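Here is the structure we will look at.
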Amino acid sequence: MAKQFDVIVIGGGPGGYVAAIRAAQLGFNTACIDEWKNDKGGPALGGTCTNIGCIPSKALLQSSEHFEHAGHSFADHGIGLSDLSIDVAKMLGRKSTVVKQNNDGILYLFKKNKVTFFHGRGSFVKASDAGYEIKVTGATDESISGKHIILATGSNPRALPGAPFDEENILSNDGALRIPAVPKTLGLIGSGVIGLEMGSVWRRLGSQVTVLEALPTFLGAVDEQIAKEAQKAFVKQGLKIELGVKVGEVKSDKKGLSIAYTNAKGEAQTLVVDKLIVSIGRIPNTIGLNHEAVGLKLDERGTIVVDDDCKTNLPNVWAVGDVVRGPMLAHKAEEEAVAVAERIAGQHGHVNFNTVPWVIYTSPEIAWVGQTEQQLKAAGRAYKAGTFPFMANGRARALGDTTGMVKFLADAKSDEILGVHIVGPYASELISEAVVAMEFRASAEDIARICHAHPSLSEATKEAALAVDKRTLNF
Ligand code: FAD
Ligand code: NAI
């Protein structure tokens with residue numbers, strides 16, 4: 001007889017593993033199935049995020065930032081260095097160690113919370129009286145059944161038509177995170193989040209990086225003022241960004257790659273590079289789930305169709321994370337996961353999509369929450385804006401990083417904060433205050449009245465809130 005569970009989670013990324021832990025905390029007999037293998041064939045929990053996404057990219061961003069600081073900013077502090085070099089193999093080894101610590105951490109959390117883990121691929125067999133029968137195909141095959149199923153099968157990189165990933169020359173995020181030596185020239189297709197983060201890593205280490213972006217505007221989803229400031233900084237750092245291009249044929253051989261494209265003026269061009277990263281978005285993953293067996297509904301893009309509560313078209317089958325609508329972010333997946341487990345327990349789990357923060361971990365970092373100025377204009381909403389530059393912040397000057405600003409957008413009448421946008425040092429950390437404020441529906445004046453430590457970058461947040469009322473103190 002198949003082992004019976006209250007909840008079976010398919011996928012062990014941030015959506016899946018968090019759903020499993022929360023379900024177990026709520027007293028459900030819970031299983032999680034994940035097929036990711038480490039280089040020894042063992043389990044590697046954490047999904048894209050831990051293995052080839054958030055965590056390894058941030059490890060490499062950190063290493064490359066140290067390298068850049070050592071090469072460019074240490075001298076300003078009176079620190080002399082000679083023979084600066086980068087050992088790429090060691091840097092990649094450190095990244096792998098960080099990844100493994102996270103993989104093992106999740107296995108430990110499963111044990112601690114009594115989640116039963118199955119290493120293998122989970123697929124639907126049929127709906128049954130006990131719920132759903134799920135086949136696990138792995139080192140040993142098993143059949144298990146669950147009353148509730150939570151699908152968290154993530155996403156895969158989208159390839160350019162006619163240029164499949166070979167992870168040697170044409171790289172997805174996977175190959176981009178393990179280039180064995182710094183390429184002299186690196187091409188990037190798509191100036192989105194992955195493109196900018198990965199481009200930053202390899203540029204800092206010495207690659208000459210060219211980005212080809214289809215859209216005529218840089219970072220179209222970001223507040224225009226912030227995007228312009230970021231673009232200026234990236235170009236100054238040496239990133240070559242071509243907007244409004246149409247990419248044509250990609251030819252790849254042992255010597256390198258050539259990419260035919262038409263530039264914004266309509267002129268035919270060719271980019272020749274040693275390596276090419278293609279980061280043009282991701283597609284939801286339902287490969288091998290055998291969703292047809294139970295009639296699970298997908299849309300034309302392959303996204304699992306869910307309602308606002310993450311319920312699919314099937315009773316007691318839920319889906320969260322990259323495989324459903326909404327931003328493809330680890331923390332969004334985690335919030336949905338917790339909410340679903342709580343809904344299964346009869347509680348009122350809730351995700352506020354208006355306060356999901358975004359962070360791009362470049363230097364300067366870009367972070368935002370809520371609406372952009374262009375969105376407010378398009379919606380015809382009356383608003384007030386306030387900005388404060390890091391140039392006027394004492395801590396930023398002491399850090400030696402005064403690029404960028406904090407920008408507040410607040411309702412013209414009520415002063416409620418509608419959006420906060422930051423480009424500059426530690427924007428990833430600073431944005432939390434704005435998220436809390438918006439979650440509590442604070443006004444710009446609320447932030448302006450709060451005591452912020454001095455000297456700290458967070459004073460720029462307070463000053464930007466004061467700027468909404470045109471009364472900055474330090475600018
Ligand atoms: P995933 O993390 O993709 O996990 C899905 C898991 O399910 C995988 O382990 C997969 O093997 C498994 N699986 C799939 N099908 C089956 C099956 N049938 N049976 C068993 N197992 C299965 N987001 C951020 O918020 N911050 C960042 O800094 C960030 N950086 C990123 C950097 C890169 C380079 C990339 C590519 C992504 C980044 N993201 C970041 C996005 C983030 O990784 C995803 O939003 C997040 O991983 C989605 O979580 P998930 O649980 O939905 O899916
Ligand atoms: P993206 O959606 O961020 O950017 C893709 C870019 O490629 C867009 O600017 C798009 O206009 C462009 N593009 C699409 N087709 C093109 C073509 N044929 N030629 C040229 N340009 C083209 O996608 P990306 O960078 O692949 O990342 C996927 C997702 O992963 C992100 O949207 C984000 O959800 C997640 N992610 C999050 C990170 C973070 O939170 N810090 C870091 C990395 C990824």
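Pairing each residue of the range 207-222 that is touching a residue at least 24 places away in the same chain (Cβ under 8 Å) and under 26 Å from residue 408 (Cα atoms) with any residue that is of a type in the set (A, V, I, L, M) and more than 10 Å from ligand 2 (Cβ to nearest atom), provided the two are 6+ apart or on different chains, yields C-beta distances under 6 Å for 218/227; 219/227.
Answer yes or no: is there a residue in the range 338-357 that is within 29 Å of residue 413 (Cβ to Cβ), under 13 Å from the mean Cα position of the chain (by Cα) and in contact (Cβ under 8 Å) with a residue 40 or more places away in the chain. Within the range 338-357 (the criterion being within 29 Å of residue 413 (Cβ to Cβ), under 13 Å from the mean Cα position of the chain (by Cα) and in contact (Cβ under 8 Å) with a residue 40 or more places away in the chain), the answer is yes, since at least one residue qualifies. Whenever a residue of the range 55-68 is within 15 Å of residue 359 (Cα to Cα), its partners that are more than 15 Å from ligand 2 (Cβ to nearest atom) and open to solvent by 40 Å² or more (accessible area, probe 1.4 Å), lying with C-beta atoms within less than 7 angstrom and at least six residues away or across chains, give the pairs 55/102.
Report yes if residue 158 is within 12 Å of ligand 2 (Cβ to nearest atom), open to solvent by 40 Å² or more (accessible area, probe 1.4 Å), at pLDDT 95 or above and charged (D, E, K, R), otherwise no. The answer is yes for residue 158.
Quick check on my filter: what residues within the range 347-361 are open to solvent by less than 60 Å² (accessible area, probe 1.4 Å) and either within 15 Å of ligand 2 (Cβ to nearest atom) or out of contact with any Asp or Glu (no Cβ under 6 Å at 6 or more places or on another chain) (or both)?
In the first step, residues of the range 347-361 are kept if they are open to solvent by less than 60 Å² (accessible area, probe 1.4 Å); the result is 349, 351-352, 355-357, 359-360.
Those that are open to solvent by less than 60 Å² (accessible area, probe 1.4 Å) and either within 15 Å of ligand 2 (Cβ to nearest atom) or out of contact with any Asp or Glu (no Cβ under 6 Å at 6 or more places or on another chain) (or both): 352, 356, 357, 359, 360.
Figure legend. Inter-residue proximity from the range 381-402: first residues over 13 Å from residue 425 (Cα atoms) and buried (at least 18 other Cβ atoms within 10 Å of the Cβ), second residues at pLDDT 95 or above and among the basic types (Lys, Arg), beta-carbon distance below 7 Å, spacing 6+ or different chains. Indicated pairs: 385/407; 387/407. Residue-level check: of (1) among the polar types (S, T, N, Q); (2) more than 14 Å from ligand 1 (Cβ to nearest atom); (3) within 27 Å of residue 99 (Cβ to Cβ); (4) more than 21 Å from the chain's Cα centre (by Cα), residue 191 misses just (4). Output yes when any residue across the range 33-41 is in a loop (DSSP other than H, G, I, E, B) and buried (at least 19 other Cβ atoms within 10 Å of the Cβ), and no when none is. Among the residues of the range 33-41, at least one is in a loop (DSSP other than H, G, I, E, B) and buried (at least 19 other Cβ atoms within 10 Å of the Cβ), which makes the answer yes. Residues that are part of a loop (DSSP other than H, G, I, E, B) and under 30 Å from residue 421 (Cβ atoms): does the range 339-348 have at least one? No, every residue in the range 339-348 fails to be part of a loop (DSSP other than H, G, I, E, B) and under 30 Å from residue 421 (Cβ atoms). What number of residues within the range 46-73 satisfy the criterion of being among the aromatic types (Phe, Trp, Tyr) and either open to solvent by 70 Å² or more (accessible area, probe 1.4 Å) or assigned to a loop (DSSP other than H, G, I, E, B) (or both)? Residues flagged as among the aromatic types (Phe, Trp, Tyr) and either open to solvent by 70 Å² or more (accessible area, probe 1.4 Å) or assigned to a loop (DSSP other than H, G, I, E, B) (or both) within the range 46-73 amount to 0.
Hey, could you check the range 183-210 for residues that are aliphatic (A, V, I, L, M) and in contact with a helix residue (DSSP H, G or I) (Cβ under 6 Å, 6 or more places away or on another chain) and say which is nearest to ligand 2 (Cβ to nearest atom)?
Step one: filter the range 183-210 for residues aliphatic (A, V, I, L, M), giving 186, 188-189, 193-194, 196, 198, 201, 205, 209.
This time we only want the ones that are in contact with a helix residue (DSSP H, G or I) (Cβ under 6 Å, 6 or more places away or on another chain), so: 186, 188, 194, 198, 201, 205, 209.
Values: 186: 15, 188: 9, 194: 3, 198: 8, 201: 12, 205: 19, 209: 14 Å.
Once the filter is applied, the top-ranked residue is 194.
Out of everything in the range 310-336 that is open to solvent by 50 Å² or more (accessible area, probe 1.4 Å) and without any contact (Cβ under 8 Å) to a residue 40 or more places away in the chain, what residue ends up being nearest to ligand 2 (Cβ to nearest atom)?
Filtering the range 310-336 for residues open to solvent by 50 Å² or more (accessible area, probe 1.4 Å) gives 311, 313, 315-316, 325, 328, 331, 334-335.
Narrowing the set further to residues that are without any contact (Cβ under 8 Å) to a residue 40 or more places away in the chain leaves 311, 313, 315, 325, 335.
Values: 311: 23, 313: 25, 315: 30, 325: 12, 335: 14 Å.
It comes out as 325.
Of the residues making up the range 253-279, those that are in a loop (DSSP other than H, G, I, E, B) and open to solvent by 40 Å² or more (accessible area, probe 1.4 Å) number 7.
The values are calculated or read from the model by the stated rules, or taken from the named source; none is laboratory data. Only a predicted model underlies this, so the values are computations on that prediction, with no experimental measurement involved. All Cβ positions, even for glycine, are placed from backbone atoms using ideal geometry, and neighbour counts span all protein chains on display. Areas reflect the complete protein model, heavy atoms only, side chains present, ligands, DNA and RNA absent. Shrake-Rupley method; radii C 1.70, N 1.55, O 1.52, S 1.80 Å.
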